[in-house]
Amino acid sequence: MTDHINWQKSSFSGADDSPNCVELAAADGQIMMRESDAPDTVFTTSREKLRAFLLEVKAGEFDHLI
């Protein structure tokens with residue numbers, strides 16, 4: 001399923017072969033996320049939900065988790 005998809009990771013992840021990265025891709029109007037060390041496990045969400053989540057992260061809503 002995920003072989004033909006163009007996955008993108010953050011430039012903050014370091015080297016291209018870094019094993020601990022969150023990767024994102026867009027396909028069929030959805031956003032997919034996976035961890036580079038578990039590429040067969042894919043989480044799918046909408047653009048709107050991802051946007052809301054990222055705004056909450058930027059606002060510090062999840063700072064207590066790290």
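No lab work stands behind these numbers, since they all come straight from the coordinates. Remember, predicted model here, so these are calculated numbers, not experimental data. In this analysis, Cβ positions are derived from the backbone assuming ideal geometry, glycine residues included, and neighbour counts consider all displayed protein chains.
Summary table
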item: Residue-by-residue Karplus 3J(HN,Hα) for the stretch 24-37, coefficients 6.51, -1.76, 1.60, Hz, glycine and proline x; result: 10, 8, 10, 7, 6, x, 10, 10, 10, 10, 7, 9, 5, 8
item: Net charge of Cβ neighbours under 10 Å - reference V42; Lys, Arg +1; Asp, Glu -1; result: -2
item: Backbone N within the stretch 29-43 under 13 Å of label point (7 Å from I5 Cα along the Cβ vector); result: 29-36, 38-43
item: Relative contact order computed over the chain (Cα-Cα under 8 Å; 6+ residues apart), in percent; result: 20
item: Rg over Rh, two decimals, the stretch 8-65 (C-alpha only, Kirkwood Rh); result: 0.99
item: Per-residue HN-Hα couplings for the stretch 53-66 [Karplus 6.51, -1.76, 1.60; θ = phi - 60°; Hz; x = Gly/Pro]; result: 4, 5, 5, 5, 4, 4, 7, x, 4, 10, 4, 5, 8, 10
